[in-house]
1. Could you work out the longest stretch of the chain that avoids the GluC sites (Glu not before Pro) located in DSSP loops with at most 12 other Cβ atoms within 10 Å?
2. Give the Cα extents of segment 188-237 along the principal axes, in whole Å, largest first.
3. Return the equivalent ellipsoid semi-axes of the chain as a descending list in whole Å, where each equals the square root of 5 times an eigenvalue of the C-alpha gyration tensor.
4. May I ask for the distance between the Cα centers of segment 134-180 and segment 35-88, given as a whole number of Å?
5. Kirkwood Rh over Cα pairs of segment 138-180 into Stokes-Einstein at 20 °C, 1.002 mPa s: D in µm²/s?
6. Whole-Å semi-axes of segment 46-96's equivalent ellipsoid, largest first, each the root of 5 times a Cα gyration tensor eigenvalue?
7. Relative contact order for the chain: what is it in percent, counting Cα pairs under 8 Å that are at least 6 residues apart?
8. When we measure straight from the Cα of residue 60, which aspartates and glutamates land under 14 angstrom away, once same-chain ones fewer than 8 places off are left out?
Amino acid sequence: MAVPLDSIDIATEPVTRLVPRQLDRVLGQLLVPGQVSLIHGPDRSPLTTIAHAVAVGAVKSGGRSAYLDSGTNYSSALARVLCNRSGSPEDLLKEIAVGPVMSLADLEGMVLQVSSMEGITVVVVDSLTGVLNLTGAPRSKGRQRKLFATLEVLRGVVNDNNIHLFITDHSARKWNNGTPSPIGGNVIAHGVDSLIRVDRLAVKEGLFRLEVERSPVNPADKGVVVRIGLNGIRSIK
């Protein structure tokens, strides 16, 4: 029996709230259940800070999160800063499950494991580049095929558990036109729902621009400039 489209319950409420408010109006509104988003850029530091903000934001919003770390990216000190005086930082940090991922096979297993934990609303992967570097040679066909298969598995986990998967990735410039593209190429471009780019602004130290390149969600703003540093993420106002 056919089901009317308007009778299907599709979650549109974000799984997390981000600070500052200007960042939430761009990135926060993309983080809805049942979708995969990827943020990329040439600098690792702002990507990792944003990854922490997403994980912390989920627990501040009453859920739980998982931070899958491909190296030594996770920092409990940074997570405490991002708690931003909301309740007891230590209580909030207990709601973030942290685990290592050393390959695409590890990534599949860890996402399957943490997504089944009670209360998990968002899984953060920081970073996909690190996972790929530990999986196979850059640009090799074998690594790309494995990446495609892994994204298919992760898509199923996201849909089955109604969580959001947030991935950080480095950028490389295309040889033919110089435009930045996430590591993983077309496999990544077609394997995620939302694509966000982060660029450092040359005008002043610590300023970064986030721009939504593609998303099925229509955020309040398509881009924002914020200050990202040791004290977390701040508005430039």
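Each reported figure results from applying straightforward, stated rules to the coordinates on display, with no laboratory input. This is a predicted model, so every value here is computed, not measured. We place every Cβ from the backbone using ideal geometry, glycine too, and count neighbours over all the protein chains shown.
1. It works out to 1-117.
2. 33, 23, 20
3. Details: eigenvalues 113, 104, 74 Å².
They are 24, 23, 19 Å, listed largest first.
4. 20
5. My calculation gives 169 µm²/s for D.
6. After diagonalising the Cα gyration tensor, the semi-axes are 17, 11, 10 Å.
7. Working: 482 pairs, mean separation 64.9, N = 237.
The value is 27 percent.
8. The qualifying aspartates and glutamates are 24, 90, 91, 95.
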